[in-house]
1. Between residue 24 and residue 61, how many nm apart are label points set 7 Å from Cα along the C-beta direction?
2. Pull out the extension gain between residue 43 and residue 434, defined as 0.36 nm times the separation in residues minus the alpha carbon to alpha carbon distance; nm, one decimal.
3. Find the Cα radius of gyration of the range 82-340, compare it with 2.2 N^0.38 Å by division, and give the number to two decimals.
4. Just round it to a whole percent: the fraction of Cα-Cα distances in the range 382-443 exceeding 15 Å.
5. Springs between alpha-carbon atoms under 10 Å, Gaussian network over the chain: tell me which of 312, 436, 374 tops the mean-square fluctuations.
6. Could you work out [θ]222 nm for the chain from helices alone, using -39500 (n - 2.57) per DSSP H run of at least four and dividing by all its residues? Round to the nearest 500 deg cm²/dmol.
7. Once R0 is set to 45 Å, what does the formula 1/(1 + (r/R0)^6) return for the Cβ-Cβ distance between residue 342 and residue 219, expressed as a FRET efficiency to the nearest 0.05?
8. Compute for the range 152-297: radius of gyration divided by Kirkwood radius, i.e. Rg/Rh, restricted to C-alpha atoms, rounded to two decimals.
Ligand SMILES: Cc1ncc(COP(=O)(O)O)c(C=O)c1O
């Protein structure tokens, strides 16, 4: 390594930290938190403050946040307008339930619906992406009277029993009954799949697999098909162009509804569009969203058409915290900030800059097998051999650790853990993006060639 990358200057000073040490916190976690929760990095870091695209540890050391709390901090840590909206609501009323009228939930629904195309005008608020997907599947079954559900291999839709059924990674599935009625279609992966990026018909060929699965694996009538527009946890795998348009046609011909899981791809992150599904030129029947919708608060939503929404009124359905006034006030502020600060446009510009920089690195480092994604949802897949595409999982872990050492926090994903995931808050600057590429370059150099 020839130099040490330098973080762009920032005049924000974090408050001095005087709480328990990282060692004490680690001990408390071991003693009192489920062993199922895990931490990043061999030596875990403790984050005690956030400001825009930066995070601070207990010593005041600053890091560039390249993953945004798993694609959740959309407009920046502790954004003043979002914080103000939440604080004002905290001082007014925190919880009512939807049993009483309150302005926040109704106004948020109106403002969110205004961001949706077509007839997607009815919202149901919940608290997490898993809950949103559970509800979307139940609504589809209730609305169509059908049972079978199609999802994609390598997808991630959550960890509740219902969402775990949709998720398609053995590592995230418990050995318990959960897959009733859910089947997974072949992943339309242009890098690893049978039809690659050179094949102009790849999208159509992969979509044919949806029809095959309906014909060979179901009664011929399905309730729903759910897909992320860019698979997030699966290692930033984008869908081939034209794929969703044809897949949706097959699903609708079998009586099914089409669900877009926008938990990671929504709210301008893909840069060219506000919603990921728009990059595929489709309008889903149901859209699920979480993470970035609240910039870090527990908020999620299912948005659908009035006709489909009606199916849920056949029984009593209630969610205690769904539509909570504080979460909704925060969600409303997020929508405003995305527009006011032109964060979708920034995602596009910074995404193009990062992609060009990372593609430049792929000419220098043989470890890089693929650079992909849209806007600020990017993935860099590492392989030990570009011909065989052998996953470079150990090298990926080493690069990931080195990035932290150099002041950059990113994510890691894909079934084999060999893809670097870059999904920062949408407010990162050009100088931050240069720093990020510089760090990845130095980290790759430190690991060496395969
Ligand atoms: C695409 C997608 N859908 C759903 C979920 C589940 O969201 P939650 O963890 O809020 O339940 C996730 C979480 O990572 C996700 O990435």
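Taken together, the values in this text are just the output of simple stated rules run on the coordinates, not laboratory data. From a predicted model like this one, the values you see are computed outputs, not experimental measurements. Counting neighbours? That spans all protein chains shown, and the Cβs are built from the backbone with ideal geometry, glycine included.
1. In this crude spin-label approximation the distance works out to 2.0 nm.
2. Taking residue 43 through residue 434 to full extension adds about 138.1 nm, to one decimal.
3. Dividing the Cα radius of gyration by 2.2 N^0.38 Å gives 1.00.
4. 52 percent
5. For the chain, modelled as a Gaussian network with Cα springs under 10 Å, the answer is 312.
6. Helices in the chain give a 222 nm mean residue ellipticity of -11000 deg cm²/dmol.
7. The formula returns an efficiency of 0.40 here.
8. When Rh is taken as the Kirkwood radius, the ratio is 0.94.
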